[in-house]
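Structure, as structure tokens:
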Amino acid sequence: MGPKQFHDVVMGLPLTELSTSYGHPAYKAFGKFLTRLRCEDDSVVLGQVSFDEREMLCAADPETFHFTHHYRNYPMVLARLKRLDAKTLRGYLDRQWRHNAPKKWLKAWDEGAAPPAKLPRPARRGTGSRKKTR
């Protein structure tokens, strides 16, 4: 698979947008990180992969699956893009996409109903109410 096909598969998921994450081009769904293509090793970041599953994938197919020191404490695995097919990629992306989706929206989507037109606003970091002390 090449970068164009990767882009098409990712953008085929509802409410997905091209954005940035830590200064790198990335894709977000529902305003949250979905995936990105790592130019440094032509791998994609796949989330919602348990540590046990990641170890199994890396041991069974190290030509495809791997992770770096940065991802060691996150439930994510890296997969070399050229070794993925669209169906496999979509399966992994669906996990993160479903994790990102608001529960009410996802329930309606799964039932075949029209999801709520308005998504809840994401919580803003650091804007919780705090009492000022003098």
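Going by how many other Cβ atoms sit within 10 Å of their own, how do C39, C58 line up, fewest first?
Listed from fewest to most nearby Cβ atoms, that is C39, C58.
Number of Lys-Lys pairs in the chain under 21 Å by Cα, sequence gap 8 or more or different chains?
Taking the Cα cut-off of 21 Å, the pair count is 15.
Using Cα centres only, tell me the gap between the range 67-119 and the range 1-33 in whole Å.
One Cα centre to the other: 11 Å.
Rank L81, M1, F67 by how far each Cα sits towards the positive end of the charge dipole of the chain (+1 on Lys, Arg Cβ; -1 on Asp, Glu Cβ) and give me just the farthest.
F67
Output the Cα-based Rg and Dmax of the range 3-110 in Å, rounding Rg to one decimal and Dmax to a whole number.
When restricted to the Cα atoms of the range 3-110, Rg and Dmax are 13.4, 39 Å.
What's the magnitude of the charge dipole for the chain around its Cα centre, counting Lys and Arg as +1 and Asp and Glu as -1 at the beta-carbon? Answer in Debye, nearest 20.
Using only the charged Cβ atoms, the result is roughly 1300 debye.
Pick out, in residue order, every one of the chymotrypsin sites (Phe, Trp or Tyr not before Pro) in the range 1-83 that is DSSP loop and has at most 12 other C-beta atoms within 10 Å; say none if there are none.
Y22
Which whole-Hz ³J(HN,Hα) couplings does the range 29-41 yield from phi under the Karplus relation 6.51 cos²θ - 1.76 cosθ + 1.60, θ = phi - 60°, glycine and proline marked x?
Karplus values, whole Hz, x for Gly and Pro: 10, 6, x, 10, 3, 10, 6, 7, 9, 8, 5, 5, 9.
Given a Förster distance of 25 Å, report the FRET efficiency between K104 and E53 from their Cβ-Cβ distance, rounded to the nearest 0.05.
Computed FRET efficiency for K104 and E53: 0.35.
Per the helix-only calculation at 222 nm, which mean residue ellipticity applies to the chain, given -39500 (n - 2.57) for every DSSP H run of n ≥ 4 and division by its residues, nearest 500 deg cm²/dmol?
-9500 deg cm²/dmol
Laboratory data are not the source of any read-out in this text; all were calculated from the coordinates shown. What you see is a predicted model, and the numbers here were worked out from it, not measured in a lab. Cβ sites come from the backbone with ideal geometry, for glycine too, and all protein chains shown count toward neighbours.
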